């Protein structure tokens, strides 16, 4: 069994072979606005993100029919009390959030979802060379903030719809639109205050048009997202605001290390040496 003598030599080549490294973090990127100045609306860097991806900043995108957002990142709310009637409010204000004034969002009827060209918060992510993204979902704390007492029956129904695009031009909705202002049939009605629903999640799975395991994005391929915001016919006041916080892009990133040129040279040298030793053994 002379050939067995060569196994250790060739086995050392495994030291030069890069195995894929899977980063198991469930949160690929997270925006909490903690260190962002009040009034900021564009160019917001993620609070945290994982290695192996190129991440754009988070920026607002105005709709054609909207006017300028006069809020942006805030460190205090205009309606500081949670209405008793909305007991479903499951999150507390932690000192920072992103708000959109209702003069900005498109007026809509109660049943229409947001559209990709509505006011939106937008960002993109690109896996680096040799990396693959497996996107599984997006999570947001979403709510409403107002200093006004609306007339009875004049319900407020803010909603958002998530869209994605692989070419930056055509945007496709993911799942249905989210309207967390409705809690057990009760809308935000006739009371000043704020309401925050935490961890509203949209899964990238067969129920939203993807294969089991989520949405796969290969290295160098950018994917863009828009969190489009709309509200019902109560739009038109800077004293009514939609609130977003703790935006999380969920999934995993797999990175395959690319050997340096010196590593390739070592591999070639090892193979050449192995070939010489094998030839000499045969000659004996």
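A few remarks follow.
- FRET efficiency for residue 92 and residue 170, using Cβ-Cβ distance with R0 set to 35 Å, rounded to 0.05: 0.35
- Ordering of 205-211, 118-124, 170-176 by packing [mean C-beta count within 10 Å, highest first]: 118-124, 170-176, 205-211
- Computed from the Cβ-Cβ distance with R0 of 22 Å, the FRET efficiency linking residue 42 to residue 67 stands at 0.85.
- With the highest mean first, a sort of the peptides 161-168, 138-145, 41-48 on other beta-carbon atoms found within 10 angstrom per residue produces 138-145, 161-168, 41-48.
None of the figures in this text is laboratory data; all of them are computed from the coordinates on show. This is a predicted model, so every value here is computed, not measured. Cβ atoms come from the backbone with ideal geometry, glycine included; neighbour counts cover every protein chain shown.
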